[in-house]
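**Student:** Here it is: the structure, laid out below.
The values are calculated or read from the model by the stated rules, or taken from the named source; none is laboratory data. On a predicted model such as this, the values are computed, not experimentally measured, just so you know. All Cβ positions, glycine included, derive from the backbone under ideal geometry; neighbour counts span all protein chains shown. Accessible surface areas use protein heavy atoms only, side chains included; no ligands, DNA or RNA. Shrake-Rupley method; radii C 1.70, N 1.55, O 1.52, S 1.80 Å.
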Amino acid sequence: MRPLVVLAVTFALIGLAPFAIASDYWLNLVIMTLYAALLGQAWNILGGYGGQFSFGHAAFFGTGAYAVAVLQVELGLNPWLGLAAGGLLAAGVGAFVGFCTFRYGLRGSYFALVTLAFAEVLRILSNSVWFTGAGVGILIPLERGAASFQFVDKAGFFWVIWGMALAAFATAWWIGHSRFGAQLMAVRDNEDAARALGVDAFRVKMAAITLSGFFSGLAGVFYAQYFLYLDPYIAYGPAISVESLLVPIIGGMGTIFGPLLGAAALQAVAELTKEVVGEAPGISLAVYGTLLVVMVLFMPRGLAGLGARIAGLGPRARRRRAARLEARNA
Amino acid sequence: MLELRGLSKRFGGVQAARDVSFTVPAGRISSLIGPNGAGKTTLFALITGFHRPDAGSVVFDGAPIDGLPPEAIARRGMVRTFQIVQPFAGQTVRDNIAVGAHLRIRSRRAALAKAEEVAAAVGLDDRLDMDAAALTVAGRKRLEVARALATEPKLILFDEVLAGLNPSEIRDVLPLIRAIRDRGVTIFLIEHVMQAVMSLSEHTWVLNQGELIAEGAPQEVVRDPHVIEAYLGKGMAARVGGREQAHA
């Protein structure tokens, strides 16, 4: 039950931000950190807990983003309904991609490449059809107010992304404490052994990619409403796919708090780069790439793993280890 | 309990199983032996749905299970263990066993409790919180047994659970396998360790190059000239037989 307490306290503390922070700059940073944590947790559900590394989470993100934008602009649908539509459509794309890949037993790099291909196909499609505004992009008309999901002050957006992130993190907690999660992690660690024990690997992976797509789509909806502009490169481009996987890899894959740590670290790095080298185009991707290599080489378990290692050096952990050793030798 | 009818499987130029038919009786320990490469593990994979046979049929517990995937077969009550142990590395022993328990139990709490109970039955209860990857070979073999047992099977297929263990470890595991049978679980095992086959199983089949060449009580089967030749090479039966006669 302890991670649940830590989770509740963490989100309660983050929830103080709009009361404690007056500056829009800093509140925006907190919002963007939560947004990145949501993206990362969405990826983590499939990649971290399920071991299915996607290089194309933009396919889900972009679908959520375009859904809320297009339904609003073309059909006049309220963006709050668009929020539900975006999440569900993204979940549907997740299920579709999952069916096309898992049905044929694609694993590892083959799965990664196919997800990348799906995102690219969607990017090209959204660049060619009229209702997405094609290459010009789509602009959501300004209409400030909570009813139109365009809050006057940042606090409104803060509560939306806080709620979305909380839902994603609660889902990750549930995965760590349920039959579904146990089966998902079993499939990750050894698919054949899991199947021999009666785990329906296909069904479990389908559920994971659908959930993952849903939360990624929510992040897309939020992005669209926060910035009110989308084009194919923003929505379906590789930058989102990279950010989605970078956050949990930096923070710690398959851990509940990894995406939050990773999002905060990434946000700090991004701000620092901006301070040091300015807004040179492509510089953030270069920094991200370097970070990814460094993390995979030197800290494959991420910041969360580092935290566990530091905790493992403490006197309490040493006593526990000694007790365990004794029990084994007895 | 388990009936094989004319199972055949070919991989390229290798005939891994050729028209194999036999019936494993319920409530007993039976075994399958044969030299390396005889097709024993392939036969297990065919029975449990990991491979599709080219011909033939498998009947388990009164119903055909042809074409079912491994997870569906496990749900019907037949599970296998792996010769090369396959722990969920990075997870604790308790979590590993709970994956098996979850086949019949939805609740996480109940599955973890069941895992502890099974761990006690196989002698892993002192290592519940250990990383499965840190177990010794003997410990991992026990873990394979525990995970299979946690699914509450009617029939367990053991693929060389004793391989790689030293004689004293084997002595420890033999009563465990008998205890599982005494709980009412049918056991069918592949084994290289003849001592185990002789002392455990009541009936054994001998497989060579994908074909059944003998069957019967293990003590008789090992005297069968076909079996001796399959293991030791052509002409050996006569020499071994001759020596036995000389002794007599």
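**Student:** Among the residues of the stretch A:1-22 satisfying the criterion of being touching a helix residue (DSSP H, G or I) at 6+ places or on another chain (Cβ under 9 Å) and of a type outside the set (V, I, T), which is most open to solvent (accessible area, probe 1.4 Å)?
**Tutor:** Result: A:F19.
**Student:** Is it fair to say A:L83 is hydrophobic (A, V, I, L, M, F, W, C), assigned to a helix (DSSP H, G or I), over 21 Å from A:G50 (Cα atoms) and assigned by TED's automatic domain parsing to the domain that holds A:A147?
**Tutor:** Answer is yes for this residue.
**Student:** Can you find a residue in the stretch B:200-218 that is in a helix (DSSP H, G or I), surrounded by 16 or more Cβ atoms within 10 Å (Cβ to Cβ) and of a type in the set (A, V, I, L, M)?
**Tutor:** Yes, there is a match, as at least one residue in the stretch B:200-218 is in a helix (DSSP H, G or I), surrounded by 16 or more Cβ atoms within 10 Å (Cβ to Cβ) and of a type in the set (A, V, I, L, M).
**Student:** In the stretch A:154-179, what count of residues is obtained for those that are facing chain B (nearest Cβ under 9 Å) and either open to solvent by less than 40 Å² (accessible area, probe 1.4 Å) or in a helix (DSSP H, G or I) (or both)?
**Tutor:** Residues in the stretch A:154-179 being facing chain B (nearest Cβ under 9 Å) and either open to solvent by less than 40 Å² (accessible area, probe 1.4 Å) or in a helix (DSSP H, G or I) (or both): 2 in total.
**Student:** Exactly one condition in (1) closer than 24 Å to A:G92 by Cβ; (2) touching a residue at least 40 places away in the same chain (Cβ under 8 Å); (3) buried (at least 24 other Cβ atoms within 10 Å of the Cβ) is not met by A:Y226; state its number.
**Tutor:** The single condition A:Y226 does not satisfy is (3).
**Student:** Would you please list the contacts, defined by Cβ atoms under 8 Å and residues six or more apart or on different chains, that run from a residue in the stretch B:66-79 that is more than 8 Å from every other protein chain (Cβ to nearest Cβ) and outside any strand (DSSP E or B) to a residue that is open to solvent by 20 Å² or more (accessible area, probe 1.4 Å) and of a type in the set (S, T, Y)?
**Tutor:** Listed pairs, sorted by first residue: B:D66/B:S57.
**Student:** May I pose another question? Only one of (1) open to solvent by 30 Å² or more (accessible area, probe 1.4 Å); (2) modelled with pLDDT under 95 fails for A:A134. Which number is that?
**Tutor:** (1)
**Student:** Moving on. How about the stretch B:91-108: which of its residues are open to solvent by 10 Å² or more (accessible area, probe 1.4 Å), within 7 Å of chain A (Cβ to nearest Cβ) and closer than 14 Å to B:A120 by Cα?
**Tutor:** none
**Student:** Sticking with this one: Quick check on the stretch B:140-154. Is at least one of its residues at pLDDT below 95, at negative phi, more than 14 Å from chain A (Cβ to nearest Cβ) and within 22 Å of the chain's Cα centre (by Cα)?
**Tutor:** no
**Student:** Residues of the stretch B:113-133 being open to solvent by 20 Å² or more (accessible area, probe 1.4 Å), part of a loop (DSSP other than H, G, I, E, B) and under 20 Å from B:P175 (Cα atoms), which ones?
**Tutor:** If the condition is that a residue be open to solvent by 20 Å² or more (accessible area, probe 1.4 Å), part of a loop (DSSP other than H, G, I, E, B) and under 20 Å from B:P175 (Cα atoms), then B:G123 is the only one that fits.
**Student:** I'd like the full set of residues that are open to solvent by less than 80 Å² (accessible area, probe 1.4 Å) and assigned to a loop (DSSP other than H, G, I, E, B), limited to the stretch B:219-240.
**Tutor:** Passing the criteria: B:V222, B:D224, B:G233, B:G235.
**Student:** Return the only residue of B:G67, B:G62 being over 18 Å from B:E191 (Cα atoms), open to solvent by less than 50 Å² (accessible area, probe 1.4 Å) and at pLDDT below 95.
**Tutor:** Just a single option satisfies the conditions, and that option is B:G67.
**Student:** Check whether at least one residue in the stretch A:114-124 is touching a residue at least 24 places away in the same chain (Cβ under 8 Å), part of a loop (DSSP other than H, G, I, E, B) and surrounded by 11 or more Cβ atoms within 10 Å (Cβ to Cβ), and report yes or no.
**Tutor:** The answer is no, given that none of the residues of the stretch A:114-124 is touching a residue at least 24 places away in the same chain (Cβ under 8 Å), part of a loop (DSSP other than H, G, I, E, B) and surrounded by 11 or more Cβ atoms within 10 Å (Cβ to Cβ).
**Student:** Next up: Determine if the stretch B:83-90 includes at least one residue that is open to solvent by less than 50 Å² (accessible area, probe 1.4 Å) and assigned to a helix (DSSP H, G or I).
**Tutor:** No, the conditions are met nowhere in the stretch B:83-90.
**Student:** Just the residues that are under 23 Å from B:A179 (Cβ atoms) and touching a His at 6+ places or on another chain (Cβ under 6 Å), please, taken from the stretch B:90-146.
**Tutor:** Scanning the stretch B:90-146 gives a single hit, B:A111.
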